[in-house]
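The values are calculated or read from the model by the stated rules, or taken from the named source; none is laboratory data. Given the structure is predicted, the values throughout are model-derived calculations rather than measurements. Backbone-built Cβ (ideal geometry, glycine too); neighbour counts: all protein chains shown. All accessible areas refer to the heavy atoms of the entire protein, side chains included, with ligands and DNA or RNA removed. Shrake-Rupley method; radii C 1.70, N 1.55, O 1.52, S 1.80 Å.
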Amino acid sequence: MSVKAAKHARELLLKEYQGVLSTHSKAMPGFPFGSVVPYCLDAEGRPLILISRIAQHTHNLQKDARCSLLVGERGAEDVQAAGRLTLLAEARQILDAAEVEAAATRYYRYFPHAADYHSTHDFDFWRLEPVRARFIGGFGAIHWVDQLVLTNAFAGEGEISMLEHMNSDHANAIAHYVELAGLPKEPAAEMVGIDTEGFHLRIGQTLHWLPFPTSCNNPGAVRQALVQLARAESWPTSGEAVA
């Protein structure tokens, strides 16, 4: 397995926030059943989904936890030449009250319109625990990836503190990141997630992941990277890790 391929596969999973969830059909045994689901990544880097108890895919997962999530590059003109990822996983419903609360806090930052789903409409949080992944980066660039996910070193209070600081005190810097990345300027962007490799912006209901110039292994490195981007005239190319 190529380390570079694993990184590109993980970046695709980070920057696309919906995919096709395929489950084993309970009603039609032997047939795969596909449905579209939004997702974000949890503290361990695993896809986190919110699904209805009455949905067919939920009934399927309750009978057989094995599933896959197909993620492709949004807006690709030629889908066969674009990157795509099939994540083979086992789905687990989150039952522990503290874990449910942590999942809700994280998920609703990305998808605030879903905030009352699991209480009002009987939705529950599930995580997809990766088993193996198949990544295709374009014609001929085909790889099995066994180590896809990466734990988010900042998940929890540290991440929330950084997000609140950026959104409250550095709206101009966030607007500059939007301009550098060529993203829509309206409505105003909000930073909703930070990981070691980049950060997530929500513009209206659309989500975007932008990479740091370098991998950031501590909050000081995150601050340095964000300051560098705030002063940049174009998006920097990737470099070595910031200590």
**Request:** Could you please let me know if T206 is touching a residue at least 40 places away in the same chain (Cβ under 8 Å) and either surrounded by 12 or more Cβ atoms within 10 Å (Cβ to Cβ) or acidic (D, E) (or both)?
**Result:** no
**Item:** Residue pairs meeting the criteria (Cβ under 6 Å; at least 6 apart or on separate chains; first over 19 Å from L41 (Cβ atoms) and without any contact (Cβ under 8 Å) to a residue 24 or more places away in the chain, in segment 1-17; second of a type in the set (G, A, S) and crowded, with 22+ Cβ neighbours inside 10 Å)
**Value:** none
**Request:** Please name all residue pairs, on different chains or six or more residues apart, with Cβ atoms under 7 Å, provided the first residue is in segment 88-100 and is farther than 21 Å from R134 by Cα and the second residue is open to solvent by less than 70 Å² (accessible area, probe 1.4 Å) and assigned to a helix (DSSP H, G or I).
**Result:** I94/V100; I94/A103
**Filter result (in contact with a Lys or Arg (Cβ under 9 Å, 6 or more places away or on another chain), within 28 Å of G138 (Cα to Cα) and open to solvent by 10 Å² or more (accessible area, probe 1.4 Å)) within segment 25-55** = F33, L41, D42, E44, R46
**Asked** Of everything in segment 216-243 that's among the hydrophobic types (A, V, I, L, M, F, W, C) and modelled with pLDDT under 90, which residue is nearest to K4 (Cα to Cα)?
**Response** A241
**Item:** Residues satisfying the stated conditions in segment 108-135, i.e. closer than 24 Å to Q80 by Cβ and either surrounded by fewer than 17 Cβ atoms within 10 Å (Cβ to Cβ) or modelled with pLDDT under 90 (or both)
**Value:** R132, R134
**Prompt:** Among (1) open to solvent by 30 Å² or more (accessible area, probe 1.4 Å); (2) among the small types (G, A, S); (3) within 18 Å of the chain's Cα centre (by Cα), which single condition is A171 missing?
**Reply:** (3)
**Message:** Quick check on segment 139-155. Is at least one of its residues assigned to a strand (DSSP E or B), surrounded by fewer than 19 Cβ atoms within 10 Å (Cβ to Cβ), touching a strand residue (DSSP E or B) at 6+ places or on another chain (Cβ under 6 Å) and modelled with pLDDT of 95 or more?
**Reply:** no
**Message:** Being exposed (fewer than 15 other Cβ atoms within 10 Å of the Cβ), modelled with pLDDT of 95 or more and not hydrophobic (A, V, I, L, M, F, W, C) is the filter here; which residues of segment 67-98 pass it?
**Reply:** E90, R92, D96
**Prompt:** Are any of the residues in segment 172-194 out of contact with any strand residue (DSSP E or B) (no Cβ under 8 Å at 6 or more places or on another chain) and closer than 20 Å to E44 by Cα?
**Reply:** no
